[in-house]
Each structure stands twice: as structure tokens, then as C-alpha cells.
1. List the residue pairs whose Cβ atoms are under 8 Å apart, where the first residue sits in segment 6-17 and is free of Cβ contacts under 8 Å to residues at least 24 places away in the same chain, the second is crowded, with 21+ Cβ neighbours inside 10 Å and not acidic (Asp, Glu), and the two are 6 or more positions apart or on different chains.
2. Taking segment 18-32 as the search range and keeping residues that are crowded, with 19+ Cβ neighbours inside 10 Å and modelled with pLDDT of 90 or more, which one is nearest to Met97 (Cα to Cα)?
3. Considering only residues that are of a type in the set (Ser, Thr, Tyr) and surrounded by 16 or more Cβ atoms within 10 Å (Cβ to Cβ), which ones fall in segment 33-64?
4. Could you count how many residues in segment 163-190 are modelled with pLDDT of 90 or more, open to solvent by less than 30 Å² (accessible area, probe 1.4 Å) and not aliphatic (A, V, I, L, M)?
5. Considering only segment 95-144, how many residues are open to solvent by 40 Å² or more (accessible area, probe 1.4 Å) and among the hydrophobic types (A, V, I, L, M, F, W, C)?
6. Against the definition (more than 21 Å from Arg64 (Cα to Cα), in a loop (DSSP other than H, G, I, E, B) and without any contact (Cβ under 8 Å) to a residue 12 or more places away in the chain), how does Glu168 come out, yes or no?
7. Residues Glu35, Glu60: which one is closer than 30 Å to Pro142 by Cβ, assigned to a helix (DSSP H, G or I) and either at pLDDT 90 or above or acidic (Asp, Glu) (or both)?
8. Are any residues in segment 65-86 open to solvent by 60 Å² or more (accessible area, probe 1.4 Å) and either in a loop (DSSP other than H, G, I, E, B) or without any contact (Cβ under 8 Å) to a residue 60 or more places away in the chain (or both), and if so, which ones?
Amino acid sequence: MGRWEPGARERLVMAAVDLFTEQGYDATTVAQIAERAGVTKSTFFRHFPDKREVLVAGQETLSRLLTEGIAEAPADASPLEAVAAGLQRASTAMGPMSREIAPRLKAAVAASTELQERDALKTVSLAAAMTAALVARGVPDPTAALASELGVLAFKRGYVEWSESDREDGFAACLMKALDELRAASASLG
């Protein structure tokens, strides 16, 4: 097994998702994930504190990209325009691997209460990061929270559409379409 072989983190994620799908989350061990990825258990633990964290591997990057995009939006941008800038920036982190594992990841999460809870915490964390970035721009807290929740919902809806389709226009287009639909839907609540 290669000790510092490139791509170990990505291979660990793919191995974990495959094993969770094949045999269930509870039946999968860290040793099995490491073996499938072609690394040692200690390499696994250099990348992840436990097997649950494998499925949120990119969360810090995603939060950072969302908040950077919001912070760098034009000063006169509305809260939803700033969220759109954050979503655009975050879309750059989603490549072919993200699209490839999406259906298996969805199945693994659906089959495990523990992973559903972790997924819910991820959603809360992303919304909190966006809310903090909007508040830092001077957006009142209730408005920032609502815009952030719409942003998270747009991210989830856009991700599903992107991962389940053969769209050629990319993840960013799916995100913007989802945000536009949610913006229109929220305007009709009036």
C-alpha cells in the first residue's frame, strides 16, 4: 500500500461510498474502507476522524467558497444576489467525482439514520456560514437567515438536477435555475 500516494482522500471517499452502498453504513469498517482505497488505516485517520466524516469531506471547502462568493459580491447586490455569487463560487468545487458518486451517496444516506443526521448537520452548517457572511455585509439577521436557507435549498435542488441529468451547461447553471425558481416561488407567497 502506498503511504503518500496522490489521491488517497478521493479514493477513500469513493471506497466508503461504494462500501456503504454495497453492505450498509453500519456493516462497513474503517479497515475495509482503507483496504478498498489501497491505503493503511493510519492514512485513513490522517484524512478523516471517523467513517461518518468521509461523507462530508468537502464541507469546509464548500462553506469557504460560499462565504467568499458572498463577501466578494458587488456592494449593491441584494441578499439573494450575494447568495447567488456564493453558489457560483461553490460550484467550482464540484467536479466529475462529485457527479459520479451522487447517486451512491444519496442511497447510502437514505439507508442510514446516522448519515441522515450528519447530512442535516451539514445543511445547518452551510446555512449558518452563509448567514454569517450576509450579516457581515450588513444584511439584517432575519433576512440573512432566509436568504441563506433559500441558498441551501437551491444548492440541494441544483445538485440533484445536475447529478441526475446529462446537462451540458454544468452545475452552476443548475444552481442558478434552482435559485431563480425558489425566488419566484417565494415571491408568490405574498
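1. Correct list of pairs: Ala15/Ile33; Ala15/Ala34; Ala15/Ala37.
2. Leu19
3. Residues satisfying the conditions are Thr40, Thr43, Ser63.
4. Within segment 163-190, residues that are modelled with pLDDT of 90 or more, open to solvent by less than 30 Å² (accessible area, probe 1.4 Å) and not aliphatic (A, V, I, L, M) number 1.
5. Residues flagged as open to solvent by 40 Å² or more (accessible area, probe 1.4 Å) and among the hydrophobic types (A, V, I, L, M, F, W, C) within segment 95-144 amount to 11.
6. Taking the combined requirement at face value, the residue satisfies it.
7. Glu60
8. Glu72, Pro74, Ala75, Asp76, Glu81 - these are the residues of segment 65-86 that are open to solvent by 60 Å² or more (accessible area, probe 1.4 Å) and either in a loop (DSSP other than H, G, I, E, B) or without any contact (Cβ under 8 Å) to a residue 60 or more places away in the chain (or both).
The values are calculated or read from the model by the stated rules, or taken from the named source; none is laboratory data. Values in this document were obtained by computation on a predicted structure and should not be read as measured data. Neighbour counts run over all protein chains shown; Cβ positions are idealised from the backbone, glycine included. Side chains are part of the model used for accessible areas, which takes the heavy atoms of the whole protein and leaves out ligands, DNA and RNA. Shrake-Rupley method; radii C 1.70, N 1.55, O 1.52, S 1.80 Å.
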